[in-house]
Amino acid sequence: LLDFCNEFGMDVNCKKTKFMVINGSLADKESIIIDNLKVSHQDFYVYLGAFFTVDVNYKCCLKLHLEDKYCGFLKFANFIFRNENMPFHVKKPVLESCLFSSILYGSESWLTTDIKTMETIYHKAVKLLLGVRINSNKTSCLLEAGFPSLKALFAHRRRKLINSLKTMDETTPFMIALSLCKSTNNKAYKVISEFKGDYNILEEDTKRLWDTLVKQSPGHSKLEHYLRYNSTPTIVCDVYNRKPFYIPDSFRMAFTRLRLSSHSLQIETGRWSRTPREARTCPCDGLSIQDENYAIFVVLNRNTYAFNATSMSQTLNS
């Protein structure tokens, strides 16, 4: 390195010059010191946005990837708070194009299907977009917002890449490597084989999420409430779509929170204080249980109770 730099009149920048040893001993990782030049060992390396670690462990790589992309989540959170009443159909593409594309960057080359590390930030972002509590059911939130699971999105992107590579010449380096993997049936080829097939991954995932929700719903009052007002997984409510008129997102959030039981009605807040269900009454009369049905079909229809759209959103969003 020094000879090369001396030959071409260059200086070695120690801050930018590092080395990495894969599965080496402690002696292999000792700093290289020549004259006044010190080149230090580094535990990971970033190449074209992809992380490589000394232990060649994908879990470590994904953890570093997540830490690197978490600032994108914080920027999206700031965007949501600064644009509170921006319509949902404007916020959603921002989430998809800025954050999701960032956390899934380079995922096509990940030789693993275990991406639970990335799912935490994915579900947090969806709940932040919807404006619901962080402990809301993740499956119902994905269905409500019209998003697939992260695993399905990951599989969809990988299959898209694999299909695009089918037209490559057999003599290209990638196809030669793939042929070698196939002949030995190694782990890399087994991972790639999982994404073969002609079925629609995203549509199948929506059905799977719905089936999971139905199976989990017995004895779960929040899920039972959601299924009562959402009869099919394939239809997204008009309030989430682009409309010719403007809907303040505070009203949309009140609607979403009512559907996902992430509101401040007594039926929900009573859970926190362990108040018996029969004691979670409405302040209107002190007798009726203040649940979603009561708020919609009784309170809103009372001529003696001024409960317009604004006061409704304030109650649900408080």
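The values are calculated or read from the model by the stated rules, or taken from the named source; none is laboratory data. It should be emphasised that the depicted structure is a prediction, and the values quoted were computed from it without experimental measurement. Cβ atoms come from the backbone with ideal geometry, glycine included; neighbour counts cover every protein chain shown. Ligands, DNA and RNA are excluded from the accessible area calculation, which covers all protein heavy atoms including side chains. Shrake-Rupley method; radii C 1.70, N 1.55, O 1.52, S 1.80 Å.
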Notebook entry, point to check: In segment 139-195, how many residues are free of Cβ contacts under 8 Å to residues at least 24 places away in the same chain, part of a helix (DSSP H, G or I) and crowded, with 16+ Cβ neighbours inside 10 Å?
Noted result: 3
Next item on the list: Give segment 253-288 a look and list any residue that's in a helix (DSSP H, G or I) and within 26 Å of the chain's Cα centre (by Cα), or say none.
Entry: M253, A254, F255, T256, R257, L258, R259, E268
Notebook entry, point to check: Quick one: what pairs do we get from segment 5-21, first residue modelled with pLDDT of 80 or more, second of a type in the set (A, V, I, L, M), C-beta under 8 Å, 6+ apart or different chains?
Noted result: T17/L1; T17/V39; K18/V39; F19/I32; F19/V39; M20/V54; V21/V54
Next item on the list: Taking E108 as the residue in question, decide whether it is within 23 Å of K187 (Cα to Cα) and either in a helix (DSSP H, G or I) or open to solvent by less than 70 Å² (accessible area, probe 1.4 Å) (or both).
Entry: yes
Item checked: Subset of segment 21-39 that is in contact with a helix residue (DSSP H, G or I) (Cβ under 9 Å, 6 or more places away or on another chain) and surrounded by 10 or more Cβ atoms within 10 Å (Cβ to Cβ) - its residue that is nearest to G106 (Cα to Cα) -> V21
Checklist line | Qualifying positions in segment 128-138 - in contact (Cβ under 8 Å) with a residue 12 or more places away in the chain and of a type in the set (A, V, I, L, M, F, W, C) | finding: L128, L129, L130, V132
Notebook entry, point to check: Which of (1) part of a loop (DSSP other than H, G, I, E, B); (2) open to solvent by 20 Å² or more (accessible area, probe 1.4 Å) does N230 not meet, given it meets every other one?
Noted result: (2)
Next item on the list: Looking only at segment 196-209, decide whether some residue is farther than 30 Å from M253 by Cβ, modelled with pLDDT of 85 or more, out of contact with any helix residue (DSSP H, G or I) (no Cβ under 8 Å at 6 or more places or on another chain) and open to solvent by 30 Å² or more (accessible area, probe 1.4 Å).
Entry: no
Check: in contact with a His (Cβ under 7 Å, 6 or more places away or on another chain), open to solvent by less than 90 Å² (accessible area, probe 1.4 Å) and at pLDDT 85 or above: does that describe S261?
Finding: yes
Check: Tally time: how many residues in segment 53-81 are in a helix (DSSP H, G or I) and among the hydroxyl-bearing types (S, T, Y)?
Finding: 2
Note to self: I'm trying to understand the selection: among the residues of segment 86-104, which are crowded, with 18+ Cβ neighbours inside 10 Å and not in a helix (DSSP H, G or I)?
What the structure shows: P87, L104
Checklist line | Out of N83, N57, N78, sole residue that is of a type in the set (S, T, N, Q), touching a helix residue (DSSP H, G or I) at 6+ places or on another chain (Cβ under 8 Å) and surrounded by fewer than 18 Cβ atoms within 10 Å (Cβ to Cβ) | finding: N83
Next item on the list: Could you pull out the residue among L142, L161, L128 that is within 21 Å of H65 (Cβ to Cβ), aliphatic (A, V, I, L, M) and at pLDDT 90 or above?
Entry: L128
Note to self: I need the full set of residues from segment 1-25 which are among the hydrophobic types (A, V, I, L, M, F, W, C), in contact with a strand residue (DSSP E or B) (Cβ under 7 Å, 6 or more places away or on another chain), under 10 Å from L37 (Cβ atoms) and assigned to a loop (DSSP other than H, G, I, E, B), in order please.
What the structure shows: V12, C14
Checklist line | Top-ranked residue of segment 161-177 - restricted to ones that are of a type in the set (A, V, I, L, M) and more than 23 Å from Y105 (Cβ to Cβ), ranked as farthest from the chain's Cα centre (by Cα) | finding: I176
Check: Taking segment 93-127, which residues are touching a helix residue (DSSP H, G or I) at 6+ places or on another chain (Cβ under 6 Å), polar (S, T, N, Q), over 17 Å from K138 (Cα atoms) and touching a residue at least 40 places away in the same chain (Cβ under 8 Å)?
Finding: S107, T112
